[in-house]
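Take a look at the structure below.
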Amino acid sequence: MKSDDPVIATSTALRRQLPLLAREYFELTKPRVVSLIVFTAVVGMFLSTPSGLPAVPLLLGTLGIALAAGSAAAINQILDLRYDSGMTRTSFRPLPTGSLTTREALIFALMLGVASMVILTLWINTLTAVLTFISLIGYSIVYTVYLKHATPQNIVIGGAAGAAPPVLGWTAITGEVAADALLLFLIIFLWTPPHFWALALYREKEYAKVGIPMLPVTHGRRYTQLQILLYTILLVAVTVMPFATHMSGWLYLGGAMILNAGFLYYAVCLYRNYSDELARRTFRYSINYLALLFALLLIDHYRVYIHEALQSALY
């Protein structure tokens with residue numbers, strides 16, 4: 001029954017709108033992208049120490065890094081509003097659709113960013129806070145405002161910000177940057193170009209329409225296909241290094257080789273016989289590839305403890 005009381009009616013309408021509004025703010029953080037970022041950061045945390053992690057650095061470090069990533073994603077959408085509005089892939093986002101205003105998005109982004117810096121500075125360590133801030137600015141400002149529109153190598157150079165999370169997770173626990181952490185960085189850094197250029201191939205016309213000089217737009221499809229193949233070969237070589245440096249064992253190596261075979265298969269097929277559908281499949285595979293690769297790193301790191309736990313459960 002509908003109430004005639006305007007206060008009750010307003011309250012009811014507000015309650016109905018709040019979940020929708022919360023969802024729009026949540027979408028502003030690019031949750032699918034951020035979830036992968038946070039996962040690689042958490043893996044970096046676990047790999048930084050031989051055994052269990054202290055609860056406070058694990059939980060608050062993860063929260064701080066996640067908030068910074070969400071802030072960077074929101075700022076990226078604010079600055080890219082004009083371009084997002086002109087592309088089919090991004091036209092459904094909260095700002096192009098008018099679900100949120102630029103002012104609302106900016107306040108939200110700043111709140112997330114400030115909260116992230118406070119958490120990381122007070123409860124984690126200064127190094128992690130500084131590196132996280134540099135990564136935030138690198139993606140949301142340097143990449144979005146300058147690199148993205150200045151060079152077709154935008155995603156290569158800007159990929160450094162997206163490759164930082166494992167290092168951030170590592171420093172959140174240890175307070176220092178180690179060689180193994182930089183190896184994790186290098187894996188994501190080399191993964192980013194073939195991952196994103198696969199998307200750019202089947203979205204080439206959209207990027208051309210809004211004037212963003214992605215590699216397929218400036219150098220053509222064939223050249224981009226070659227670059228995807230070459231970067232994938234480099235990626236395969238680098239993903240062997242955790243085993244070569246004794247960071248990981250045979251379990252990781254076996255799984256990585258299977259994943260690498262799949263990525264190389266897609267890259268070769270894409271180079272030899274292009275189709276938009278194949279580019280889409282390559283892009284989707286690349287996301288699963290990175291998530292599974294880091295999952296392998298984590299499982300391999302704790303294989304001894306998992307084995308002991310299974311033995312205890314069975315006997």
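The values are calculated or read from the model by the stated rules, or taken from the named source; none is laboratory data. All of these numbers come straight from a predicted model, not from anything done at the bench. Heads up, the Cβs are rebuilt from the backbone with ideal geometry, glycines too, and the neighbour counts pull from every protein chain shown.
A few notes on this one:
- In the range 213-249, the residues that are buried (at least 20 other Cβ atoms within 10 Å of the Cβ) and assigned to a loop (DSSP other than H, G, I, E, B): Met214, Ser248
- Output for the range 20-33, where each listed residue is surrounded by fewer than 20 Cβ atoms within 10 Å (Cβ to Cβ) and of a type in the set (A, V, I, L, M): Leu20, Leu21, Ala22, Val33
- Residue count for the range 230-278, restricted to those that are under 24 Å from Leu182 (Cα atoms) and among the hydroxyl-bearing types (Ser, Thr, Tyr): 6
- Unique residue being closer than 18 Å to Ile173 by Cα and assigned to a helix (DSSP H, G or I) when the list is Leu58, Leu20, Leu95: Leu58
- Residue in the range 177-196 that is under 22 Å from Lys148 (Cβ atoms), part of a loop (DSSP other than H, G, I, E, B) and either assigned by TED's automatic domain parsing to the domain that holds Phe133 or not aromatic (Phe, Trp, Tyr) (or both) present: no
- When each of Ala178, Ala198 is tested for being of a type outside the set (Phe, Trp, Tyr), at negative phi and buried (at least 19 other Cβ atoms within 10 Å of the Cβ), the lone residue that passes is Ala198.
- Restricting the first member to the range 193-216 and to residues that are under 14 Å from Tyr266 (Cβ atoms), and the second to residues that are at pLDDT 95 or above and assigned to a loop (DSSP other than H, G, I, E, B), the beta-carbon pairs closer than 8 Å and six or more apart or on different chains are Trp197/Met214; Leu201/Tyr274.
- Filtered residues of the range 50-80 (kept if buried (at least 24 other Cβ atoms within 10 Å of the Cβ) and farther than 25 Å from Thr126 by Cβ): Gln77
- Lone qualifier among Ala261, Ala267 - being assigned by TED's automatic domain parsing to the domain that holds Ile187, part of a helix (DSSP H, G or I) and exposed (fewer than 14 other Cβ atoms within 10 Å of the Cβ): Ala261
- A count restricted to the range 228-254 and to residues that are in contact (Cβ under 8 Å) with a residue 60 or more places away in the chain and within 21 Å of Tyr266 (Cα to Cα) stands at 0.
- Residues in the range 98-125 that are over 22 Å from the mean Cα position of the chain (by Cα), assigned to a helix (DSSP H, G or I) and farther than 23 Å from Leu58 by Cα: Thr102, Arg103, Glu104, Ile107.
- Qualifying residue in the range 270-278 (condition: surrounded by 15 or more Cβ atoms within 10 Å (Cβ to Cβ), over 20 Å from Val156 (Cα atoms) and in the same structural domain as Leu215 (by TED's automatic domain parsing)): yes
- Filter pass, Phe39 being touching a residue at least 40 places away in the same chain (Cβ under 8 Å), under 30 Å from His301 (Cα atoms) and either of a type in the set (Asp, Glu) or assigned to a helix (DSSP H, G or I) (or both): yes
- Every residue from the range 149-159 that is crowded, with 19+ Cβ neighbours inside 10 Å and either within 22 Å of Thr40 (Cβ to Cβ) or under 12 Å from the mean Cα position of the chain (by Cα) (or both): Asn154, Ile155, Val156, Gly158, Gly159
- Checking each residue in the range 81-112 for being buried (at least 21 other Cβ atoms within 10 Å of the Cβ) and out of contact with any Leu (no Cβ under 9 Å at 6 or more places or on another chain) picks out no residue at all.
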